[in-house]
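Rule-based calculations on the coordinates, nothing more; no lab input. Bear in mind that the values here come from a model prediction, so they are computed numbers and not experimental data. Don't worry about glycine lacking a Cβ; one is built from the backbone with ideal geometry, like all the others, and counts go over all protein chains shown.
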Ligand code: HEC
């Protein structure tokens, strides 16, 4: 099964010269930021729509490439080992030398991962296939991971009737809480691999969880904007922080400062003092678009956040409103579509999030389309294609691009990792091809 995975230090450089009191940004991803997390030593890791995990030191990233679709979640198992998962259904494990291995797969996208360190290291994965898997990694950090055919030991928790969006472990690793699109929060007995009870029936899908079992509360955020704190044993409500926004998309708790940060679909970050049970800040972090990713710095002084831009922003909590907002420039696919000619509109809305038209693929999910016409498929040198496209003898032309979106990539090139999409109208395909011919031409910028 899994080849032996030697753990070497991923940490080639220190956690960074950036003082936590400063405002800073992290640039380099080629797509929106889906998750951000902080290691026990304070190092930042990010998961992006561009299929990569970024491991940051001194403002630059080491890229962990291997996922074949957007990465939704990333966690540290130790300062040296990370796990990530995403739209390719795979849960991956990373260390510096191995480059990463697939630990296992779900049958739908994976939305969230959680870790618990006890006598053994447990990882939980929450998937839209309605199940949760618990992966028993054995002791960590170890000299070597895996090798044995049955490693890691996997237990599947089934019971939710719709996709599972988030999971958190109790401190003792014996209970797992899960939040689902089915509107429930459930508690699971980790040892028995079985559901203990249904803690909350919220009705609307629950997206996010944060737990402090020492202080006996579980916080959750839902698609209808519901933001509550409940007793983790009984589900009884302790506090309600619901503002009239929707949906809640991210949450992070900092034990040092007892602050809970909550990100929503309208670009606000709300900060709750969990001891006083009071909202202390409500900050409009971005003019447009969601806050998908949120994490406190190790000392709790900064909030790192990400969304529709390719950039991570980090604000000092104390001076949140004195700094810049995200989305300084509007992302091209959010531009007013009515003001654009049709071909350009097709490209910006349907392609630009994954492709550049200039030389260099810019860490986007797909290859650069520069000089596309007359080019053999699978030949942009800075891009890691699927084997299918590498071996293809398609030459890109009006006809072949038309075929690609008339039939859809999954039919035109079975096995490609380009996502399923069709452009149904011939005029839309023609306009798109006319636009591409101009902007991908050599000499065009
Ligand atoms: C969600 C991301 C995504 C979107 C959106 C997307 N693509 Fe792609 N595209 C990819 C990926 C990934 C590949 C590489 C596939 C592979 O290696 O199998 C690709 C490959 C291609 C190729 C082949 C390039 C080559 O070098 O052989 C063309 C042409 C292409 N896309 C055009 C488009 C156009 C035009 C659109 C908009 C209508 C579009 N793509 C939208 C991800 C995307």
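The range 229-292 and the range 153-209 have Cα centres lying 20 Å from one another.
For the range 20-322, what is the relative contact order in percent, using Cα pairs closer than 8 Å and at least 6 residues apart in sequence?
Details: 892 pairs, mean separation 41.9, N = 303.
Contact order relative to length: 14 percent.
The label-point distance for residue 214 and residue 279, in a model that sets each label 7 Å from Cα toward Cβ, rounds to 2.8 nm. Between 84, 339, 112, the Gaussian network model of the chain with springs among Cα atoms under 10 angstrom shows the greatest mean-square fluctuation at 339. The angle separating the long axis of helix 398-407 from the principal Cα axis of greatest extent in the chain is about 40 degrees.
Please compute the length gained on full extension between residue 318 and residue 162, using 0.36 nm multiplied by the number of residues separating them and subtracting their Cα-Cα distance.
In short, 52.3 nm is gained.
Can you compute the helix-only [θ] at 222 nm over the chain? Use -39500 (n - 2.57) per DSSP H run of at least 4 residues, normalise by all residues, nearest 500 deg cm²/dmol.
Working: 5 runs with 41 residues, N = 445.
My calculation for the chain gives -2500 deg cm²/dmol from helical runs alone.
Note on residue 325 and residue 395: the extension gain reaches 20.8 nm, defined as 0.36 nm multiplied by sequence separation minus the Cα-Cα distance. For helix 426-439, what angle does its Cα long axis make with the longest principal axis of the chain, in degrees from 0 to 90 and rounded to 10? The angle comes out near 80 degrees. Based on the Cβ-Cβ distance of residue 120 and residue 244, what FRET efficiency does E = 1/(1 + (r/R0)^6) give at R0 = 45 Å, to the nearest 0.05? The computed FRET efficiency comes out at 0.55. Full extension of the chain between residue 174 and residue 41 yields a length gain of 45.4 nm, computed as 0.36 nm times the residue separation minus the alpha carbon distance. Computed packing ranks the peptides 415-421, 176-182, 205-211 as 176-182, 205-211, 415-421, most packed first, by mean other Cβ atoms within 10 Å. When you work out D = kT/(6 pi eta Rh) for the range 381-445 at 37 °C and 0.692 mPa s, using the Kirkwood radius from C-alpha pairs as Rh and the Stokes-Einstein form, the result is 254 µm²/s.
Its Cα gyration tensor gives the range 20-322 an equivalent ellipsoid, and the semi-axes of that ellipsoid, as √(5λ) in whole Å with the largest first, are 26, 24, 17.
Can you compute the FRET efficiency between residue 383 and residue 154 using 1/(1 + (r/R0)^6), with r the Cβ-Cβ distance and R0 = 22 Å? Round to the nearest 0.05. Efficiency for this residue pair is about 0.10.
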